[in-house]
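What follows is one structure encoded as structure tokens, with my remarks underneath.
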Amino acid sequence: MVIGVLLLVVGAATTWWSVVWMRLWAVLRREPLRSPADLVGAAAAGALPPGPYVVGGTAAPGAAVLSSPINGDSCVWHRHVGTRTQVRTRVDDKGKVHRRTSRHRIADLASLDRFAVEGGGGAVRVHPDRMRVDRPSRGEVRKDLPTPISVLPAQKQPAKRPPKLRPDVVERYAYREWFIRPGTPLVVVGEAVADADGTVVVRRPPGAAPHLVSTRSFVRVGRRVAVLAVACTAGAVAAGVAGLGLVVAGLV
């Protein structure tokens, strides 16, 4: 019965993802691929409803080219995740060595600077705050950076410096990084609004509405989202049916 309940929980979580991907798939099937110039022209004519829109173009810097904090790569967007690993070693009375490993995420930060997407003789700005980013470039995994404080100065709430370790504890840090370089072809899904100065900004819509920034082509984005939507739907149904069956069997 416990397994049945767990399967129902998995089914519920998978159902949520199924809805996310199904809604995004519907937008990709329904909306044409527009160039940034199309949105700029619509805004100039006063005919720019919020959307959603699917915009294709090339990534370009916004106010300035960014530098990724871990590897120093030139980019328009970056995200990094820091992990602290502690290995505790203990020797028992019989001389047997016991090791216990624990891992904790100490940082998960993405840049919020607007960047440009250019195409068709026009450009829009993308506000990446809380937008899902698909297949960015991967930076080198760094394991030679000692503490989260010295390498993550931009954290809103920097991780506290760990206490002095006992001799039987070894601590390591690892940092993974992703970024989008200038010149990368992008497909962006989101709502579009015009700023007071006429700049068109594509951003995440309110709530759970579809949104995406992808480095894949329009066709490949559609195929991937379709696969995810179908797979999550099938998984949700299978987990739900199996879980319900086990729960009912346990109650009989």
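Here are some notes:
- On inspection, PRO136 passes the criterion of being of a type outside the set (Phe, Trp, Tyr) and at pLDDT 90 or above.
- In the stretch 1-60, the residues that are part of a helix (DSSP H, G or I), under 16 Å from VAL188 (Cα atoms) and not β-branched (Val, Ile, Thr): TRP21, ARG23, LEU24, TRP25, ALA26, LEU28, ARG29, ARG30, PRO36, ALA37, ASP38, LEU39
- Among the candidates VAL202, VAL170, VAL187, VAL221, residue that is farther than 13 Å from VAL126 by Cα and either buried (at least 17 other Cβ atoms within 10 Å of the Cβ) or touching a helix residue (DSSP H, G or I) at 6+ places or on another chain (Cβ under 8 Å) (or both): VAL221
- Residue check for LEU33: buried (at least 20 other Cβ atoms within 10 Å of the Cβ), more than 20 Å from the chain's Cα centre (by Cα) and over 30 Å from ARG142 (Cβ atoms): no
- Tally, over the stretch 52-68, of residues that are crowded, with 19+ Cβ neighbours inside 10 Å and under 23 Å from TYR173 (Cα atoms): 1
- Residue in the stretch 8-18 that is surrounded by fewer than 16 Cβ atoms within 10 Å (Cβ to Cβ) and not aliphatic (A, V, I, L, M) present: yes
- Of all residues in the stretch 161-174, those satisfying the criterion of being over 28 Å from the mean Cα position of the chain (by Cα) and either at pLDDT 95 or above or in a strand (DSSP E or B) (or both) are VAL169, VAL170.
- Among residues of the stretch 126-142 being surrounded by fewer than 20 Cβ atoms within 10 Å (Cβ to Cβ) and over 14 Å from THR215 (Cα atoms), the one that is farthest from the chain's Cα centre (by Cα) is ARG142.
The values are calculated or read from the model by the stated rules, or taken from the named source; none is laboratory data. Keep in mind that what you see is a predicted model, and the values were worked out from it rather than measured. No Cβ is skipped: glycine too gets one built from the backbone with ideal geometry, and neighbour counts run over all protein chains shown.
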